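**Q** One structure is given below, represented as structure tokens, and several questions about it will come after.
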Amino acid sequence: MSLFFCVLVLLSLSTAVCHNCFRHQANLHRCAQCKFAHYCDRTCQTACWSEHKKECAAVRNRGSAPSENVRLAARMLWRIQKDTGIVSDSQLTSVDELLDHVTDLTDEDRVELQIDVHNFMDYWPKSARQHPVEYVSHIFGIRGLQAVGVGLFPNLCLVNHDCWPNCTVILNHGNQSALNPALHSKRSYVDFLNVSTERQRILKKQYHFNCTCQHCSQHIKDDLMMAAKDVDGNKPSAQLIKEVTASSEEYLDKVARLCRECLATQETVLADTHLFKLSLQSTASEVLSYTHAFAEAAQLSRKTIDGYMALYHPNNAQLGMAIMRAGVTHWHGGQIEAGHELICKAFGILLITHGPNHPITQDLEAMRTQTEMELKMFRQNKEAYNTLRDAALKKQPATCMAEEAKVEDASRKQ
């Protein structure tokens, strides 16, 4: 178990998650002073007061809470002033000893850092001890993001990366746990389902180091990821494998183009319930989602659902899965209102067909909760929501397809 140095709830989830135990609750109690922090009950509020006290005053003085990066930096500095960077005997390193990689930032990231530092200086109490810009930049440089909050876990910062890790990290109501926490534990910072050169590129860009783990240096499993068909011991030539591999990505664009052309010819001839039209729309939507053309994919998935609803029984499992895929596509396309509506509809169907304890239903419930919170944020501040969404898509290209892949895999198992 790795205890946190500082941790707090993301701004977008501030009214849906307890700021002490990180549990999702329907009826949270708001801090009467800053009107920002929310808690399960008096017990959680009391337990969190030592962490929240100075933040409470700063939020009141500012009039509203700043971004989670600014709030985390402030909490870290308040904690350092109180505990000199060490919060327990089990903490193996101090905050000042952690690397920040500020010098490795791109020009774009450096501009974002300067904005964060400026906002911090505006948020930090004028009566408190002031810190030089260089030190504040260091604090921002070592922050870490998690599922529902942002925090710093010094011991986990010491756990090196390995593409084939011997431990994993989970978030459990604000606590970080490492499974199989051996002395020389290693965890993965990146999705393994990329060839070694691509994993190295991602790690260099996001974490500023060259991965020399065994799986990258020896290119382990790269051959499986790019494997050729073996028929009775006969394999295609290396040149043919290279050509087909190179053309595969191009074919995705070609498939999307061919689907568009065929759909255009169908539009004035075939009804929206025609099976070939529905099948082609579904295929095109999946291809466009894979290439991140979410707006067009969402439009096609909506038309497909309308056709399915005219044909399927209202509580058909396949209809529920199709609506779930359409909801995820709209969600990733930035159409949060339509996405949430479809996900809720799919949940109602799969709750009947699969039951509440089925993994697909449970995954869908998590999506429903997440989209509900994002919808609330969207309605409060559309510009801020769209900015955060665009940033997430740029910084985590693989994440936006994770749910699509999970949904597709689950659909095929039905």
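**Q** Take the conditions open to solvent by less than 100 Å² (accessible area, probe 1.4 Å) and not small (Gly, Ala, Ser) and apply them to residue 224. Does it pass?
**A** Against the criterion (open to solvent by less than 100 Å² (accessible area, probe 1.4 Å) and not small (Gly, Ala, Ser)), residue 224 does not qualify.
**Q** Just to be sure, is residue 338 free of Cβ contacts under 8 Å to residues at least 60 places away in the same chain, outside any loop (DSSP other than H, G, I, E, B), in contact with a Lys or Arg (Cβ under 8 Å, 6 or more places away or on another chain) and surrounded by 15 or more Cβ atoms within 10 Å (Cβ to Cβ)?
**A** It is true that residue 338 is free of Cβ contacts under 8 Å to residues at least 60 places away in the same chain, outside any loop (DSSP other than H, G, I, E, B), in contact with a Lys or Arg (Cβ under 8 Å, 6 or more places away or on another chain) and surrounded by 15 or more Cβ atoms within 10 Å (Cβ to Cβ).
**Q** Could you please let me know if residue 200 is open to solvent by 50 Å² or more (accessible area, probe 1.4 Å), at pLDDT 85 or above, closer than 27 Å to residue 141 by Cβ and within 26 Å of the chain's Cα centre (by Cα)?
**A** Yes; evaluated as a whole, the condition is true for this residue.
**Q** Looking at (1) in a loop (DSSP other than H, G, I, E, B); (2) within 20 Å of residue 298 (Cα to Cα), which is the one condition that is false for residue 370?
**A** Of everything listed in (1) in a loop (DSSP other than H, G, I, E, B); (2) within 20 Å of residue 298 (Cα to Cα), residue 370 misses just condition (1).
**Q** Can you find a residue in region 250-258 that is among the hydroxyl-bearing types (Ser, Thr, Tyr), at pLDDT below 85, assigned to a helix (DSSP H, G or I) and farther than 30 Å from residue 166 by Cβ?
**A** Within region 250-258 (the criterion being among the hydroxyl-bearing types (Ser, Thr, Tyr), at pLDDT below 85, assigned to a helix (DSSP H, G or I) and farther than 30 Å from residue 166 by Cβ), the answer is yes, since at least one residue qualifies.
**Q** Looking at 24, 29 in this structure, which one is touching a residue at least 24 places away in the same chain (Cβ under 8 Å) and of a type outside the set (Gly, Ala, Ser)?
**A** Matching residue, one of 24, 29: 24.
**Q** May I pose another question? Just one of the numbered conditions (1) loosely packed, with under 12 Cβ neighbours inside 10 Å; (2) more than 29 Å from residue 297 (Cβ to Cβ) is not true of residue 205; which one?
**A** Result: residue 205 fails condition (2) only.
**Q** How many of the residues making up region 292-335 are open to solvent by 60 Å² or more (accessible area, probe 1.4 Å), of a type outside the set (Lys, Arg) and touching a residue at least 12 places away in the same chain (Cβ under 8 Å)?
**A** Adding up the residues that qualify gives 9.
**Q** Quickly run through region 198-216 and pick out the residues that are free of Cβ contacts under 8 Å to residues at least 12 places away in the same chain and either in a helix (DSSP H, G or I) or over 17 Å from residue 106 (Cα atoms) (or both).
**A** Scanning region 198-216 gives 198, 201, 204, 205, 212.
**Q** Do we have residue 23 as open to solvent by less than 30 Å² (accessible area, probe 1.4 Å), closer than 23 Å to residue 377 by Cβ and at pLDDT below 90 here?
**A** It is false that residue 23 is open to solvent by less than 30 Å² (accessible area, probe 1.4 Å), closer than 23 Å to residue 377 by Cβ and at pLDDT below 90.
**Q** With (1) farther than 29 Å from residue 371 by Cβ; (2) surrounded by 18 or more Cβ atoms within 10 Å (Cβ to Cβ) as the list, and residue 62 as the residue in question, which single condition is left unmet?
**A** (2)
**Q** I'm told residue 69 meets every condition in (1) of a type in the set (S, T, N, Q); (2) at pLDDT below 90; (3) assigned to a loop (DSSP other than H, G, I, E, B) except one. Can you identify the failing condition by its number?
**A** (3)
**Q** With respect to residue 246, is the statement that it is at pLDDT 85 or above, exposed (fewer than 15 other Cβ atoms within 10 Å of the Cβ) and not in a loop (DSSP other than H, G, I, E, B) true?
**A** For residue 246, the condition - at pLDDT 85 or above, exposed (fewer than 15 other Cβ atoms within 10 Å of the Cβ) and not in a loop (DSSP other than H, G, I, E, B) - is not met.
**Q** Please determine whether any residue of region 1-17 is farther than 27 Å from residue 142 by Cβ, surrounded by fewer than 21 Cβ atoms within 10 Å (Cβ to Cβ) and without any contact (Cβ under 8 Å) to a residue 12 or more places away in the chain.
**A** no
**Q** What tally of residues in region 249-291 results from selecting those that are surrounded by fewer than 13 Cβ atoms within 10 Å (Cβ to Cβ) and closer than 17 Å to residue 326 by Cβ?
**A** Selection size over region 249-291: 1.
**Q** I've got another one for you. Find the residue count for region 227-243, including only residues that are part of a loop (DSSP other than H, G, I, E, B) and either small (Gly, Ala, Ser) or open to solvent by 70 Å² or more (accessible area, probe 1.4 Å) (or both).
**A** Summing the residues that are part of a loop (DSSP other than H, G, I, E, B) and either small (Gly, Ala, Ser) or open to solvent by 70 Å² or more (accessible area, probe 1.4 Å) (or both) in region 227-243 gives 8.
**Q** Out of everything in region 45-58 that is touching a residue at least 24 places away in the same chain (Cβ under 8 Å) and open to solvent by 20 Å² or more (accessible area, probe 1.4 Å), what residue ends up being farthest from residue 5 (Cα to Cα)?
**A** So, considering only residues that are touching a residue at least 24 places away in the same chain (Cβ under 8 Å) and open to solvent by 20 Å² or more (accessible area, probe 1.4 Å), the one farthest from residue 5 (Cα to Cα) is 57.
**Q** Shifting gears a bit: If residue 270 meets every condition in (1) free of Cβ contacts under 8 Å to residues at least 40 places away in the same chain; (2) farther than 27 Å from residue 385 by Cα; (3) in a helix (DSSP H, G or I) apart from one, which number is that one?
**A** Status for residue 270: all satisfied but (3).
The values are calculated or read from the model by the stated rules, or taken from the named source; none is laboratory data. Computed from a predicted structure; not experimentally measured. All Cβ positions, even for glycine, are placed from backbone atoms using ideal geometry, and neighbour counts span all protein chains on display. For the accessible areas, the whole protein counts, side chains as well, though only heavy atoms, and no ligand, DNA or RNA atoms are used. Shrake-Rupley method; radii C 1.70, N 1.55, O 1.52, S 1.80 Å.
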